[in-house]
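Readers should treat all values here as calculations from the given coordinates under stated rules, not as data from a laboratory. Since this is a predicted model, take the numbers as computed values, not measurements. For neighbour counting, all protein chains shown are included, and Cβ atoms are generated from backbone atoms with ideal geometry for every residue, glycine included.
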Amino acid sequence: MTGKTVLPGDEVAVAEEYMPAEGTYEHDGKILSSLAGELQLDDAEKVAKVKAKNPMVTLKNGDSVFCRITDVRASMAICEIIGAEGKDREITGETSATIHISKLSSEYVQDVGREFRPGDLIRAKVIQTRPSVQLSTQEPHFGVIKALCRKCRSPLAKQGKSLRCEPCERTESRKVADDYGDINY
Ligand SMILES: [Zn+2]
């Protein structure tokens, strides 16, 4: 039984034998799973737990996440979530998410590639978790928090509403977060 993959509502044990714990609850004398994950029956403690297999199931709408932009398309940016802000829990595995062009900025965006570039580190807000993770960077606190010069790969410095590479004397546009450059992640 231990190690078995279970779904929300699955019966994982009987209440006579086990106590409900993390990821389980008791109903009509049965222990049911409250999430999708791996069943862990602890015979010493007599508890039934279900551990979320994919930590993504614990992401909620409104959560703030850090991501790296992996691809930029005509209508969206694709990124990989690397951590949730304010939580010590690491998000593991390949966790890709998308930001639709309409959710990128509070201003009109004509070209996703002018706002995000592959490799950029961004802070984004979770607006949908299923069936796919969708993010938004519309608010001032969301957007690029670290970006490198396209030419020389030096970190870019914030200058007004754009980013500047001193060595190259070049300016690049981005949808930057209000604390760009202040955060070390
Ligand atoms: Zn440069």
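What FRET efficiency do you get for residue 45 and residue 7 if R0 is 25 Å and r is their Cβ-Cβ distance, rounded to the nearest 0.05? Mind dumping the intermediate values first?
On the way: r = 24 Å, r/R0 = 0.94.
According to the calculation, E is roughly 0.60.
Between residue 85 and residue 157, what's the calculated FRET efficiency when r is the beta-carbon distance and R0 is 30 Å? Round to 0.05.
Details: r = 23 Å, r/R0 = 0.76.
It comes to 0.85.
Need one word for the stretch 5-53: rounded, prolate or oblate. Basis is the Cα gyration tensor (sqrt eigenvalues a ≥ b ≥ c); a/c below 1.5 gives rounded, then a/b vs b/c decides.
Oblate shape, in that a/c is at least 1.5 and b/c is the bigger or equal ratio.
I'd like the projected area of the chain, averaged over all directions, using the convex hull of its alpha carbons. Report it in nm² with one decimal. Intermediate values should be presented prior to the final figure.
On the way: hull surface 50.3 nm².
For the Cα atoms of the chain, the hull's average projected area reads 12.6 nm².
Under the 0.36 nm per residue contour assumption, what length would be gained going from the current alpha-carbon distance of residue 38 and residue 150 to full extension?
Working: separation 112, 0.36 × 112 = 40.32 nm, distance 4.33 nm.
Extending this stretch completely gives an extra 36.0 nm.
To the nearest 0.05, what FRET efficiency results for residue 139 and residue 164 with a Förster distance of 22 Å applied to their C-beta separation?
Working: r = 24 Å, r/R0 = 1.07.
Once rounded, the FRET efficiency stands at 0.40.
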